[in-house]
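Structure record follows, encoded as structure tokens.
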Amino acid sequence: VYYRPKSLPVDEQTIVMPVSEKIVVFAGSDENTTAKNIRLENLTIRNSDVPPNLGLGGKSSGAIHMANAENIVVKNCRIHNTGLHGVYLTGWAQGCTVYGCEIYDIGDTGIELDGDRERSVMTCCGNRIENNHVHDTGRNIGHGAGIQLFFAGENIISHNRVHHAPRYG
């Protein structure tokens with residue numbers, strides 16, 4: 001492996017090589033056995049990797065990853081330098097909150113809510129995404145967005161500042 005630094009001298013830099021695509025994971029086994037009632041506040045979450053099988057039908061992920069999760073709060077955190085999403089809610093994710101976070105230098109999308117596409121009922125709902133500053137997304141995936149929802153309904157997305165996203169706000 002050869003690394004070409006952006007600037008010199010190398011001795012005066014911190015060089016980081018991420019080894020994990022998810023930094024914090026809240027995952028229950030199913031919608032009846034959820035990870036719930038957890039708070040992350042005033043933390044810095046950074047330096048996650050891109051999944052190795054992303055282009056081959058691999059699953060998406062986030063530095064903060066929630067699946068089968070209820071009432072998880074991520075508040076006033078700094079999330080940056082991610083391989084894919086900053087915060088990723090997938091499948092059964094309800095009553096979760098992302099509030100007051102600064103999310104930047106993101107590989108794909110800052111905050112993504114991605115419901116269960118195989119079911120006829122909304123599974124990613126009742127979440128709140130409020131007062132966040134999301135910027136400089138799509139660093140690794142050119143169509144990355146600021147905040148994006150798929151198969152997710154009845155969520156509150158309000159008072160977020162989103163800029164420098166290559167696709168959607």
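Descriptive notes on the structure:
Residue-by-condition table, conditions (1) closer than 23 Å to Thr137 by Cα; (2) of a type in the set (D, E, K, R); (3) open to solvent by 60 Å² or more (accessible area, probe 1.4 Å):
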site: Thr14; (1), (2), (3): yes, no, yes
site: Lys22; (1), (2), (3): yes, yes, yes
site: Thr34; (1), (2), (3): no, no, no
site: Asn37; (1), (2), (3): no, no, yes
site: Ile45; (1), (2), (3): yes, no, no
site: Ile64; (1), (2), (3): yes, no, no
site: Leu89; (1), (2), (3): yes, no, no
site: Cys96; (1), (2), (3): yes, no, no
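- Matching residues in region 120-136 - criterion: being modelled with pLDDT under 95, open to solvent by 30 Å² or more (accessible area, probe 1.4 Å) and polar (S, T, N, Q): Ser120
- When Arg117, Arg139, Arg78 are checked against the criterion of being farther than 21 Å from Thr33 by Cβ, open to solvent by 60 Å² or more (accessible area, probe 1.4 Å) and in contact with a Cys (Cβ under 8 Å, 6 or more places away or on another chain), a single residue qualifies: Arg78.
- Ser20 of a type in the set (Gly, Ala, Ser) and in contact with a helix residue (DSSP H, G or I) (Cβ under 9 Å, 6 or more places away or on another chain): no
- Taken over region 154-166, the criterion of being over 19 Å from Asn81 (Cβ atoms) and either surrounded by fewer than 15 Cβ atoms within 10 Å (Cβ to Cβ) or touching a residue at least 60 places away in the same chain (Cβ under 8 Å) (or both) is satisfied by Glu154, Ile156, Ser158, His159, Arg161.
- Looking only at region 142-153, and only at residues there that are buried (at least 16 other Cβ atoms within 10 Å of the Cβ) and not small (Gly, Ala, Ser), the one that is farthest from Glu21 (Cα to Cα): Phe151
The values are calculated or read from the model by the stated rules, or taken from the named source; none is laboratory data. On a predicted model such as this, the values are computed, not experimentally measured, just so you know. Note that we place each Cβ from the backbone using ideal geometry, even for glycine, and neighbour counts take in every protein chain shown. SASA here: full protein model, heavy atoms, side chains in, ligands and nucleic acids out. Shrake-Rupley method; radii C 1.70, N 1.55, O 1.52, S 1.80 Å.
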